[in-house]
Amino acid sequence: MKVFIENEAGSSVKHEHNEKTLELLSTSQVSRPYPFPYGFVLNTTAEDGDNVDCFVLTKERLRTGDIVDSEPIGLMEQIEDGEVDHKVLAVAPGEQQELDSEIQGTLVDFGNHVFDHIAGKTMNIGRFLDKSAALQYVLQHLDEATAK
């Protein structure tokens, strides 16, 4: 799967793109720096109308606007303001990354606090699921033209 990187690891700048045309729409500050490169899976549409969100678990420096091949290794359940907003967790092909308790803790902490600056924002982080759940989630959300 191809992932468009919207936000760089270590940055508190949130870029917002039109997820179908990749046009940059705006930037804003968030309450926590992104722990890993973060973006979305191309040619997908999730429950919230946006593309499927994705963290790429890598130490490689990925920049905003990069498009990287990635393999899903897990899925983090997340509900944002009462709406499903799960995150696929992926690695670059050939990279090995264990979805261990340290990485899970980092992602839970980030998810729970990234929008602390927005009054009334609710984030509920659920379970961490395996690679097959992540693959199934991506396949269920492929755009029609891609799925054919």
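Taken together, the values in this text are just the output of simple stated rules run on the coordinates, not laboratory data. Being a predicted model, the structure only gives us computed values, none of them experimental. Every residue, glycine among them, receives a Cβ derived from its backbone with ideal geometry; neighbour counts consider all protein chains shown.
Normalised by the residues of the range 2-143, what does the relative contact order come to in percent, with Cα pairs under 8 Å and at least six apart? Intermediate results must be reported in sequence, preceding the final value.
Numbers: 313 pairs, mean separation 36.1, N = 142.
The normalised contact order for the range 2-143 reaches 25 percent.
Simple point charges give the picture: +1 on the Cβ of Lys and Arg, -1 on the Cβ of Asp and Glu, and for the range 2-143 a dipole about the Cα centre of about 260 debye.
If a/c stays under 1.5 just call it rounded; otherwise compare a/b with b/c (prolate if a/b is bigger, oblate if not). Do that for the range 91-148, with a ≥ b ≥ c from the square roots of the Cα gyration tensor eigenvalues. Here the range 91-148 falls in the oblate category. Can you give me the distance in nm between label points at K131 and Q104, each placed 7 Å from the Cα along the Cα-to-Cβ direction? For the pair K131/Q104, the computed spacing is 1.8 nm.
For the chain, what does -39500 (n - 2.57) per DSSP helix run (n ≥ 4), summed and divided by total residues, give at 222 nm, in deg cm²/dmol to the nearest 500? One gets -5000 deg cm²/dmol as the mean residue ellipticity at 222 nm. Given in Å, the Rg to one decimal and the Dmax to the nearest whole number for the Cα atoms of the range 23-148 are 14.3, 42. Sequentially through the range 47-53, phi angles give Karplus couplings (6.51, -1.76, 1.60; θ = phi - 60°) of 4, 7, x, 8, 5, 5, 6 Hz, Gly and Pro residues having no value and appearing as x. A simple count of charges around R63, restricted to other residues whose Cβ falls under 12 Å of its Cβ and scoring Lys, Arg +1 and Asp, Glu -1, yields -3. The count of lysine pairs in the range 2-143 with alpha-carbon distances below 19 Å, taking only pairs 8 or more places apart or on different chains, stands at 10.
In order along the range 69-83, the Karplus-derived 3J(HN,Hα) couplings, from 6.51 cos²θ - 1.76 cosθ + 1.60 at θ = phi - 60°, round to 5, 9, 10, x, 10, x, 9, 9, 6, 8, 10, 10, 6, x, 10 Hz, and Gly and Pro are given as x. A dipole drawn for the range 2-143 from +1 and -1 charges on Cβ atoms has a positive end, and of F115, P33, I73 the residue lying farthest that way is P33. Rounded to 0.05, the FRET efficiency of the S26 and E47 pair, given R0 = 35 Å and the Cβ-Cβ distance, is 0.95. When both bridge partners sit in the chain, DSSP labels roughly 90% of those beta bridges antiparallel.
Placing dummy labels 7 Å off each Cα toward the beta-carbon, the span from T122 to E71 is 3.9 nm.
Residues whose amide H comes within less than 5 Å of that of K14, counting only those at least five positions distant or on another chain, are S28, Q29, V30 (H built at 1.01 Å from N in the peptide plane).
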